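Input: a single structure, listed below in structure tokens.
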Amino acid sequence: MTKPVFRFAPSPNGHLHLGHALSALLNTRAAVALKGRFLVRVEDIDLTRCTRQLEQEMFEDLAWLGVPLDEPVLRQSDAFPEYRAALEKLQDLGLVYPAYLTRAEIKKFVAEFEAEGQKWPRDPDGAPLYPGDASVLSETECNDRSNSDAPFTLRLDMKAALKRIGRSLFWEETGAEGKALFDKPHQISADAAVWGDVVLARKDTPTSYHLSVVVDDARQGITDVLRGKDLYEATSVHRLLQELLGLPVPLYRHHRLILGEDGRKLSKSNQDTSLRSLRQAGASHAQLRRRIGL
């Protein structure tokens, strides 16, 4: 029987916070409970915001938590050729197209559309679905941008991708904490269509989170993905990409989130919840575990 492999994949674009602590500790505990492995992956696609200093400080915080580092740690910045290969495979299938609308243009289009009393569709995160360049730009403007050095994104043609699969997709979900780790998995329907034409890459970046996460999980042999509920709905997109690229499908577990006083998910911009600030203030492991409900 194959041993389960778990992972924790933070981005060194700021200091880890309490939500990261919960996810890292749940993954390490699950790996121990199920007699499996635990890996750390550095998601440093953003080469501007992600720095080696922040990465080192992240490793220091993880060491303070007691989270083991299984060397060598995989860095996404070392895997750009793998992402390009996956993207090219989708392009060869005719499932990728360049999109030139800026965020400001999309926002303006949606605002004008909804000003007429209609509702523009949005994805589960609340972002408006991509309207398509032809909905906003003239044919001349589209050609001008295509023939220039204009910025663009590469998007998945969702309708074409779903047509190619031609059947319903599912993922296996089970418990995330304590005895629930051993619960029998149940099937969840993967409705990727609600996300519209998701971004797969950008002009200067060969991948997006959606593409890189499925490629990385396959490369590392991840069998069990235990992550926050904020990514629950995105699993539909990941299942679709796994199917299109012929990648293995992990078992999924989505854990509760640590929320701030305003009821929102914690972010790295909130220094009050950073592990570094708590550690420097003298917080103990017991205090930290109580604060995150462990």
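Results, tabulated for the structure shown:
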| read-out | value |
| --- | --- |
| Cα gyration tensor, segment 1-45 - rounded (a/c under 1.5), prolate or oblate | oblate |
| The chain: angle of helix 235-245 to the longest principal axis, Cα-based, in degrees nearest 10 | 70 |
| Segment 89-140: relative contact order as a whole-number percent, Cα under 8 Å and 6+ apart | 33 |
| Principal-axis tilt of helix 80-92 within the chain, Cα atoms, nearest 10 degrees | 40 |
| Sequence of His186, His254 once ranked by neighbouring C-beta atoms within 10 Å, starting from the fewest | His186, His254 |
| Segments 237-243, 23-29 sorted - mean Cβ within 10 Å per residue, highest first | 237-243, 23-29 |
| Dipole magnitude (debye, nearest 20) for the chain, charges at Cβ of Lys, Arg, Asp, Glu | 1160 |
| Per-q log10 I(q)/I(0), segment 132-247, q = 0.13, 0.16, 0.19 Å⁻¹ (Debye; single scatterer per alpha-carbon; no solvent) | -0.63, -0.87, -1.10 |
| Dipole-positive endmost among Thr153, Ser236, Gly175 within segment 140-294 (Cβ charges, Cα centre) | Gly175 |
| Global form of segment 95-189, assessed from the alpha-carbon gyration tensor, a/c cut-off 1.5 | prolate |
| Cβ-based net charge around Ala161, under 11 Å, with every Lys or Arg adding one and every Asp or Glu removing one | +1 |
| Where only C-alpha atoms are counted, convex hull volume of the chain per residue in Å³ | 157 |
| Crossing angle, helix 52-65 versus the chain [Cα axis fit, 0-90 degrees, rounded to tens] | 40 |
| The chain, relative contact order in percent, only Cα pairs under 8 angstrom and at least six apart counted | 23 |
| Within segment 94-212: Cβ-based charge dipole about Cα centre, in debye rounded to nearest 20 (Lys, Arg +1; Asp, Glu -1) | 320 |
| Spatially proximal lysines relative to Lys119 (Cα-Cα < 30 Å; intrachain offsets below 8 disregarded) | Lys107, Lys108, Lys159, Lys163, Lys229, Lys265 |
| Cα pair distances of segment 44-167 binned at 5 Å [whole percent] | 2, 8, 11, 14, 15, 15, 12, 10, 8, 4, 2, 0 |
| Over segment 20-84, relative contact order from alpha-carbon pairs under 8 Å, at least 6 apart, % | 44 |
| Global form of segment 145-207, assessed from the alpha-carbon gyration tensor, a/c cut-off 1.5 | oblate |
| Positive-end extreme of charge dipole, the chain - chosen from Ala31, Gly221, Pro98 (charges on Cβ) | Ala31 |
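Rule-based calculations on the coordinates, nothing more; no lab input. Treat the numbers as computed from the prediction; the structure is a model and nothing was measured. Here Cβ is always computed from backbone atoms with ideal geometry, including for glycine, and neighbour counts include all displayed protein chains.
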